[in-house]
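The values are calculated or read from the model by the stated rules, or taken from the named source; none is laboratory data. Note that the structure is predicted; figures quoted are calculated from it, not measured. Cβ sites come from the backbone with ideal geometry, for glycine too, and all protein chains shown count toward neighbours. Ligands, DNA and RNA are excluded from the accessible area calculation, which covers all protein heavy atoms including side chains. Shrake-Rupley method; radii C 1.70, N 1.55, O 1.52, S 1.80 Å.
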Amino acid sequence: MYDNEQSPLQPVVLVGLDRGNEQFDYQMIELANLANANHMTVVDTVTQKLERPNSATYFGKGKIEELNELLKTLDVKMVVANDELSPSQIRNIEQGTNATVMDRTALILDIFASRAKTRLAKLQVQIAQLQYQLPRLRTSMNIRLDQQTGGGGSSFTSRGAGETKLETNRRLIEHQISALRKELAEIQADDDTRRAQRSKQNIKNVALIGYTNAGKSTIMNGLVSRYGENQAKLVFQADMLFATLETSVRKINLPDKQNFILSDTVGFVSQLPHNLVAAFRATLAEAAQADLLVQVVDYADPHYQEMMATTQSTLNEIGVGDIPMITVYNKADLRADTVFPERTGDILTLSAVDEASLDLLVETVREHIFADHVQVKLLIPFSEGQLVSDLNENATVHDLTYSEAGTELVVTLTPAQAGRYDNYIIK
């Protein structure tokens with residue numbers, strides 16, 4: 001992969017094929033934003049209308065010559081393509097332009113690699129990078145196994161003399177992928193255990209999902225600041241693509257003793273590389289296990305509808321398309337034509353930095369995840385006063401009075417609590 005640190009502001013020319021896709025203009029804008037996120041500065045853009053890419057050179061021959069002249073004039077040494085290119089396409093464009101070529105997949109992988117902080121995120125990115133490299137191996141490539149994967153190359157010293165350098169490199173990468181997947185599986189098993197424990201406690205799980213930089217982390221921090229178990233545990237937020245790749249999980253405790261788990265998941269982007277989607281299934285597992293999805297949309301972006309379509313297709317790809325979902329049109333404060341906070345069914349228009357907006361969001365979430373809670377009247381004998389203390393601590397108590405028979409309470413209970421206190425319900 002390419003090294004983001006080799007140049008703080010690498011000048012690049014973007015290239016893309018317009019095949020009649022109505023989202024093409026938006027994808028090129030997004031490609032420029034991705035390039036900027038990867039410490040690049042876009043000098044110019046070259047596009048061509050073709051029904052399909054040229055199998056050898058992506059562009060037509062004449063457009064390659066035009067691109068070559070433009071690069072010479074601008075003194076630019078790097079080209080970034082809007083599509084994932086084949087190894088031969090990359091090689092032929094580089095030969096025709098004397099420039100380095102990075103396709104969209106490599107660009108996104110570079111950004112993910114620079115933003116990964118936890119071991120889980122790093123493992124997932126490394127696997128995706130190696131899977132990308134595998135079909136693009138050249139005999140001149142210098143493959144180095146990371147010592148952390150346990151592969152020092154010793155297992156390959158006995159290979160026959162007839163094995164080519166390319167075959168050796170392929171075996172090394174496949175061995176490294178296998179080692180990384182083994183470590184990833186161990187981390188996933190620990191995460192699965194934690195999710196199972198939460199499930200036993202009947203704690204509802206709400207997952208924030210959506211496009212990168214839509215404001216998911218801002219919403220999470222707003223809710224954690226007001227209702228979090230530990231208000232110091234805010235997540236990193238910044239106005240940038242893929243500010244965080246980690247899934248953050250926080251417990252939200254509402255004033256009426258009801259609570260739920262809130263997850264902030266990795267953001268999506270159009271044409272997210274397949275290998276990356278597959279590698280990040282572990283990170284997206286919180287969304288897959290959620291009781292409710294909250295799709296956060298950057299309502300101030302003119303292309304928000306395309307972003308929503310990308311989010312839905314990605315959810316379908318990872319198998320979480322059938323979980324109940326509410327839609328939050330965020331950043332309404334940046335639109336002069338919008339009144340907020342407002343709600344129409346399961347569609348909310350709000351601003352993550354507005355307290356009234358967060359109140360509306362919490363109320364909507366509450367309606368969904370606590371719909372199976374029941375309000376009952378209980379009679380607890382004085383001899384079992386500990387039950388009253390437990391209810392005051394763990395349930396929503398609306399009214400409490402005393403009678404000759406014991407303590408009478410009007411409470412809202414979860415289904416599990418209702419079963420536990422069934423003998424005390426006044427029917």
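Summary table below
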| quantity | calculated |
| --- | --- |
| Segments 23-30, 382-389, 413-420 sorted - mean Cβ within 10 Å per residue, highest first | 23-30, 413-420, 382-389 |
| Most to least packed among 349-357, 254-262 [average Cβ atoms within 10 Å] | 349-357, 254-262 |
| Listed peptides 363-373, 98-108, 394-404 by packing density, highest first (mean Cβ within 10 Å) | 98-108, 363-373, 394-404 |
| Cβ-derived FRET efficiency at R0 22 Å, K251 paired with Q386, nearest 0.05 | 0.35 |
| Distance (nanometres) between label positions extended 7 Å along Cα→Cβ at R420 and V339 | 4.5 |
| Lysines with Cα under 26 Å of K61, excluding same-chain neighbours fewer than 8 positions away | K49, K72, K77 |
| Separation of the E94 and R171 label points, Cα + 7 Å toward Cβ, nm | 2.5 |
| FRET efficiency, E186 to N68 (Cβ-Cβ, R0 51 Å, nearest 0.05) | 0.55 |
| By accessible area with a 1.4 Å probe, ligands and nucleic acids excluded, highest first: order of D18, D75 | D75, D18 |
| Spin-label model distance (nm) - E317 vs I203, 7 Å beyond Cα toward Cβ | 3.1 |
| Residues of type lysines that K331 reaches as a straight line, Cα spacing below 25 Å, ignoring anything fewer than 8 places off in the same chain | K216, K233, K251 |
| Dimensionless Rg ratio for the stretch 374-424, taking C-alpha atoms and the 2.2 N^0.38 Å reference | 1.00 |
| Column: log10 I(q)/I(0), Debye, Cα scatterers of the stretch 10-102, q = 0.11, 0.15, 0.20, 0.23 Å⁻¹ | -0.27, -0.51, -0.94, -1.25 |
| Residues of type lysines that K427 reaches as a straight line, Cα spacing below 29 Å, ignoring anything fewer than 8 places off in the same chain | K200, K204, K257, K377 |
